[in-house]
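Have a look at the structure below, then the notes.
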Amino acid sequence: MKTVQSILKSYWGYDAFRPQQLAVINAVLEQKDTLALLPTGAGKSLCFQIPTLYVDGICLVVSPLIALMQDQVKDLQSKNISAIALGGHLSEEAQYEVMEAAKRGKYKFIYCSPEKLVQKSFQESLTQIKITLFAIDEAHCISQWGYDFRPPYRKLDILKTIFPTVPILAMTASAIPLVQEDIIKQLAFKNATIITDSFLRPNLKYSIQKVP
C-alpha cells in the first residue's frame, strides 16, 4: 500500500520526515489552504512534491527563480518523476505542446513564474488539466516585496477565483506575523492553516567585537 512514508523512502531514500514536513503534507492532503513558514533547509519542496505523488493530478508550482525551477525539475526528472518548467527557454509552440501533454496526464509537476500565471491564455489552458495543488514558493513576495519586486505576485488571488476548490500551499522562510496575515489575505485563503517551526539554530552564533 502506497503511503507518504513509502514515497519518501522510495524516491528520496529517507526513513523519516523532518520536523513539521508531515504536518504540512497532511494539511495539503486534507485539502486545506496552508501557509508553511519553515526555515531554509527544512525541506519545503517535499511538502508539495510528496502529496502530489500520493494523489492523482498535477501540481502547479509558482516560483520567481528560474535557477530554482530548473534545479527542482532536474532533480525530479532524475527520479523518473515527470516535471517541466515553462519559461523563455521554450518557444510558444513548445509550451503549447507541454500543455497538450499535460491534458493527457503526462506531467506531475509544472513550474512557472508568477508572470506566466497571470496571463489570461495560460489561465484558460490550466482549466483544461487536472490540477490538485498550487504551490507558491517565496510567498513573502506576495506581501513584503510584492509591490516592487514582482508585482504579479499580488495578482495570485485569481487562483481562488478560477479554482475555488483547489488547495494552495504557500511557502516561505521569511514572514513576520503581519506579513503572514497579508499573504493569507492576498491569496484569498479559506480557513487558512499556518504551520511553522523553530528558526533557532543552536550550531550558529553571533559575536560582536570592538576593533580599535
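The values are calculated or read from the model by the stated rules, or taken from the named source; none is laboratory data. These numbers come from a predicted model, not from an experiment. Cβ coordinates were reconstructed from backbone atoms using ideal geometry, including for glycine residues, and neighbour counts include every protein chain displayed. Heavy atoms of the whole protein, side chains included, go into the accessibility calculation; ligands, DNA and RNA do not. Shrake-Rupley method; radii C 1.70, N 1.55, O 1.52, S 1.80 Å.
S78 passes all but one of (1) modelled with pLDDT under 95; (2) open to solvent by 40 Å² or more (accessible area, probe 1.4 Å); which number fails?
(1)
Mind checking whether some residue in the range 33-53 is farther than 25 Å from V118 by Cα, at pLDDT 95 or above, of a type outside the set (A, V, I, L, M, F, W, C) and open to solvent by 70 Å² or more (accessible area, probe 1.4 Å)?
No: the range 33-53 contains no residue that is farther than 25 Å from V118 by Cα, at pLDDT 95 or above, of a type outside the set (A, V, I, L, M, F, W, C) and open to solvent by 70 Å² or more (accessible area, probe 1.4 Å).
Specify which of the listed residues (A94, A101) is at pLDDT below 95, farther than 27 Å from R154 by Cβ and open to solvent by less than 10 Å² (accessible area, probe 1.4 Å).
On the way: A94 fails: open to solvent by less than 10 Å² (accessible area, probe 1.4 Å).
Going through A94, A101 in turn, the sole match is A101.
Given the conditions (1) in contact (Cβ under 8 Å) with a residue 12 or more places away in the chain; (2) closer than 28 Å to K106 by Cβ; (3) of a type outside the set (V, I, T), and given that M1 satisfies all but one, which numbered condition is not satisfied?
So M1 meets the others, but not (1).
Restricting the first residue to the range 90-104 and requiring it to be under 17 Å from K130 (Cα atoms), which pairs with a second residue that is part of a helix (DSSP H, G or I) and open to solvent by less than 30 Å² (accessible area, probe 1.4 Å) meet a Cβ separation below 8 Å and a spacing of at least six or different chains?
Partner pairs satisfying both residue conditions: M99/S125.
If you go through the range 1-17, how many residues are open to solvent by 60 Å² or more (accessible area, probe 1.4 Å) and under 12 Å from I50 (Cβ atoms)? Full working, then the answer.
Restricting attention to the range 1-17, the residues satisfying the condition of being open to solvent by 60 Å² or more (accessible area, probe 1.4 Å) are 1-2, 5, 9-11, 14-16.
Checking the rest, the ones that are also under 12 Å from I50 (Cβ atoms) come to 2, 5, 9-11, 14.
Qualifying residue count for the region: 6.
How about the range 64-167: which helices (runs of 4 or more DSSP H) wholly inside it have at least 1 residues that are under 29 Å from T196 (Cβ atoms)? Let's see the steps before the verdict.
Working: elements: 66-78, 92-103, 114-117, 120-126, 158-162.
Because the criterion is at least 1 residues that are under 29 Å from T196 (Cβ atoms), the helices (runs of 4 or more DSSP H) in the range 64-167 that meet it are 66-78, 114-117, 158-162.
Among the listed residues I162, I176, I129, which satisfies the condition of being over 16 Å from the mean Cα position of the chain (by Cα), more than 26 Å from R18 (Cβ to Cβ) and either loosely packed, with under 15 Cβ neighbours inside 10 Å or at pLDDT below 90 (or both)? Spell out how you get there, then give the answer.
Working: I176 fails: more than 26 Å from R18 (Cβ to Cβ); I129 fails: either loosely packed, with under 15 Cβ neighbours inside 10 Å or at pLDDT below 90 (or both).
That would be I162, the only listed residue that is over 16 Å from the mean Cα position of the chain (by Cα), more than 26 Å from R18 (Cβ to Cβ) and either loosely packed, with under 15 Cβ neighbours inside 10 Å or at pLDDT below 90 (or both).
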